[in-house]
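The values are calculated or read from the model by the stated rules, or taken from the named source; none is laboratory data. The structure presented is a predicted model; accordingly, all values stated were derived computationally and were not measured. Cβ atoms come from the backbone with ideal geometry, glycine included; neighbour counts cover every protein chain shown. All accessible areas refer to the heavy atoms of the entire protein, side chains included, with ligands and DNA or RNA removed. Shrake-Rupley method; radii C 1.70, N 1.55, O 1.52, S 1.80 Å.
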Amino acid sequence: MIGHPTFVTEPWSVRETSLDLDTLAQTESVFALSNGHIGWRGNLDEGEPYGLPGSYLNGVFEIRPLPYAERGYGNPESGQTIINVTNGKVMRLLVNDEPFDVRYGELRSHERCLDFRAGVLGRQAEWVSPAGSAVKVSSTRMVSLTQRSIAAICYEVEPVNQTTRIVVQSELIANEQLPVPGRDPRGTAALTEPLVEQADASRGARAGLVHATRESALIVAVVMDHVVEGPPGTLVQSESFPHLGRTMVSTTLEPGQRLRLVKVVAYGWSGSRSLPAVRDQADAALAAAMQTGWEGLLAEQRSYLDRFWACADVELDGDSAIQQAVRFGLFHILQAGARAEGRAIAAKGLTGPGYDGHAFWDTETFVLPVLTYTSPDAAAHALRWRHSTLPLAIERARQLRLNGAAFPWRTIRGEECSGYWPAGSAAFHVNADIACAARRYVRATDDTTFEQTIGLDVLVHTARLWRSLGHHDGNGRFRIDGVTGPDEYSAVADNNVYTNLMAQENLSAAADAAARHRDCATELGVDDEEMTSWREAAASMVIPYDQMLGVHPQADGFTCHEIWDFANTTAEQYPLLLHFPYFDLYRKQVVKQADLVLAMQLRPDAFTPEQKARNFAYYERLTVRDSSLSASVQAVIAAEIGHLDLAEDYLAEAALMDLDDLEHNTANGLHLASLGGIWTALVAGYGGMRHTDAALSFTPRLPPALTRLAFGLHLAGRTLRVEVSGAEATYSIDNGKPLQLLHHGQPVDVSADQPATCLIPDVAPLGPRPTQPRGRAPHRRHRTRM
């Protein structure tokens, strides 16, 4: 889409200069606003036309049965699906009794702009009705980052050249009709009329609705109020019905006059409190926001984002589209987690219903690294949510006859919702991914209180899982058999390298944390014998290696499988999961997404540079990137082994995943993992950042097309700034204690009054540029390169 002539490349916004109805659903995702609690898709104010209506509350879902042809022990019996809650965005406009509808009359101009610094979606339109009445319409929409329950709209109308009767209908709509979902499994389940009316009320310029979900028994309250500015005689009245709240404003405008409405919407929900309590919560939030006022809400929003961007901003010289994309990604990552507070960060955030609104391992592996170093409070909240589901994970482990905790592959509330065992529950690596994210947060923040409580609890229970899931074979080696790694085109394999390496680190980290916090560990029942068993399992962990090929097989026997027939696979047959049976995919050497390559990123200590180069070249020719999770990982490792141009190609793919709708499913919501991957590809790829228990290190190098990269990191009360040019890198601290880091392996001391500038060594790539399957090479970002 961003390549469409209606879009403009700008450093701090996404701007659409005319309306294309064919891409409406995609732009609704791109222009979505959220704060991690409320999500509003970027639907047009008037409600129609639409691609996919969407208003979401994090954690509000409905339960649906999971059908099975045959029952099986341990299969989840029900799933959870995010629902479209009451829509508070709708502002219908009638011009001399004719509805403003962009499909009729003449749309002289239309522009929308998502502003990353102001945190608002702006819209400007000039429209002529079929009868010839011309009006200018403008709106500014926000979901507040400071007042968690609040969203607001400023809506203005003025006639162009004649006296005009204007009616604005500001509405709350429940149980909107939704399009029928397609057959793509990455989409969402269809739920019709999930909300049951409980109460409605209206008075003055206010209206409110209260509903409950049918099966999950959640109460949702929504209330709105307005501030109206218009000429004398402007009339305001409200009414309510079971699924509709409406405030109508009617007036007559002369040329030069303007009608202005500020609409403030407050949401509240609960699964445990009473209806009056939830309703009162929404009323109280509305009262506070009305007291703040529209200008106050705008100022709070700008101030919040100013603080975020002061550290989080990534500056890139040499590619304006990637510069725009990395800020777009950071903005949406922040929106997904800023005020989630006790709720999950889903794979699509709150931008659409894709994947039923579920959270996966994506959160801990691709999203939380960004938040940990740019908005650590948001990362901590996401980890606390995972920890809050620990009792359910312990129960799930017991159901599977395992010790410890088995966190779900996909969920909203914490129960396992995957109905397909091989690519769901068998993907036990999610447990190590969660443990890794907790350790990363502690390492970056020095939050010892978090480590003693939440961190230790997660580490201990996941270590217990691994110890019971694996076993020592006759040679004393610790094996983990019958599991699925990140690559979803392989399943139920023995000794998946990624899983084993992450489990190894999980086991060692749990033992170390228990030793540091003996009293807390004792309360969890940990003793010296258990810690020793974890260390022994980690030390004897099986890490498969193919001596003949000189590479690590993705899992035992993987390199012996038949290679997929790439030569006879057409472009139209990708993604393979929609055209070939999983049985065929599982038996062949074909990789959906980075698996062994991701292991090299997250466990760099487990591979030599030469092994990384050979592994990368081997898996490049097998990886088809049918997942949005892959390109950023491949960018990081390509940069590490010196293929800077290939890294740039993969960076661009990750960066434009949604802005160019590369997977053709942006309509269902944005790919948060890929958005987070943009930051990772730049910071861990071209910045070469690796943060382990041993050291914080950087190996920065830029390709010729990029002349400067600068980024900031929150580190234990400090703000570390890194600026990279073609020949040197400068490290500086804005505040806080001095820091020692590694630059290309050499120790460097940095303090607030003593930045350090280091030369970047010229290092040749480790081997020739790898090749990819036929038709699956990334698009060359700069075609003039040889």
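Couple of notes before you dig in:
- Here the peptides 772-781, 665-674 are ranked by packing, the mean other Cβ count within 10 Å, and the order with the highest first is 665-674, 772-781.
- In the chain, the portion of solvent-accessible area held by carbon and sulfur atoms comes to 50 percent [1.4 Å probe, whole percent, DNA, RNA and ligands not counted].
- Gain on full extension, evaluated as 0.36 nm per residue between ASP584 and ASP693 minus their Cα-Cα distance, stands at 35.1 nm.
- Estimated from helices alone, the mean residue ellipticity of the chain at 222 nm is -9000 deg cm²/dmol (sum of -39500 (n - 2.57) over DSSP H runs with n ≥ 4, per residue).
- The modelled label-to-label distance for the pair ASP528/ARG273, using points 7 Å beyond Cα in the direction of Cβ, is 5.0 nm.
- Isotropically averaged projected area of the stretch 291-373, using the convex hull of Cα atoms (one quarter of hull area), nm²: 7.4 nm²
- Average projected area [Cα convex hull, the stretch 363-505], square nanometres: 8.5 nm²
- Dmax and Rg, reported as Rg then Dmax, of the chain (C-alpha, Å): 26.8, 90
- Computed over the chain, relative contact order equals 11 percent, with contacts defined as Cα pairs under 8 Å that lie 6+ residues apart.
- Along each principal axis, Cα extent of the stretch 225-355, largest first, Å: 56, 50, 29
- Per-residue extension of 0.36 nm, minus the Cα-Cα distance of ASP306 and ALA217, leaves a gain of 28.1 nm for this segment.
- Fraction of beta bridges assigned by DSSP in the chain that are antiparallel (%, nearest 5): 95 percent
- Within the straight-line cut-off of under 23 Å between alpha carbons, the lysines reachable from LYS136 are LYS89, LYS263, sequence neighbours fewer than 8 places apart in one chain being disregarded.
- Average silhouette area of the stretch 594-710, convex hull of alpha-carbon atoms, in square nanometres: 7.5 nm²
- Separation of the stretch 355-386 from the stretch 709-786 is 24 Å, based on Cα centroids.
- Relative counts (whole %) of C-alpha pair distances in the stretch 317-359, using bins that are 10 Å wide: 28, 40, 23, 8
- Per-pair calculated FRET efficiency, R0 = 60 Å: ALA299 and ASP546 via Cβ, rounded to 0.05: 0.50
- Average accessible area per residue (Å²) across the chain - probe 1.4 Å, nucleic acids and ligands excluded: 36 Å²
- If the convex hull is drawn through the Cα atoms of the stretch 509-583, its volume per residue in Å³: 196 Å³
- Radius ratio Rg over Rh of the stretch 674-786, counting only Cα atoms, Kirkwood formula for Rh: 1.02
- Per-selection Kirkwood Rh - the stretch 428-539 (Cα, Å, 1 d.p.): 14.2 Å
- Using a Förster distance of 41 Å, the FRET efficiency for ARG15-GLU254 (Cβ separation, nearest 0.05): 0.85
- Contact order normalised by residue count of the stretch 201-313, Cα under 8 Å, 6+ apart, percent: 26 percent
- Label positions at ARG518 and GLU98, each projected 7 Å from the Cα along the C-beta direction, are separated by 8.3 nm.
- Part-to-part distance (alpha-carbon centres) for the stretch 319-348 and the stretch 467-490, which is given in Å: 34 Å
- Kyte-Doolittle mean at least 0.5, axial Cα span of 20 Å or more - DSSP H helices of the chain: 320-337
- Each label was represented as a point 7 Å from its Cα along the Cα-to-Cβ direction; for GLU77 and GLU239 these points are 4.6 nm apart.
- Only lysines eight or more places from LYS592 in sequence, or on another chain, were considered; those with a Cα closer than 27 Å are LYS348, LYS612.
- Trypsin sites (Lys or Arg not before Pro) within the stretch 569-625: DSSP coil, no more than 15 neighbouring Cβ in 10 Å: ARG587
- Selection from THR363, GLY342, HIS779 lying farthest towards where the dipole of the chain points positive, charges on Cβ: GLY342
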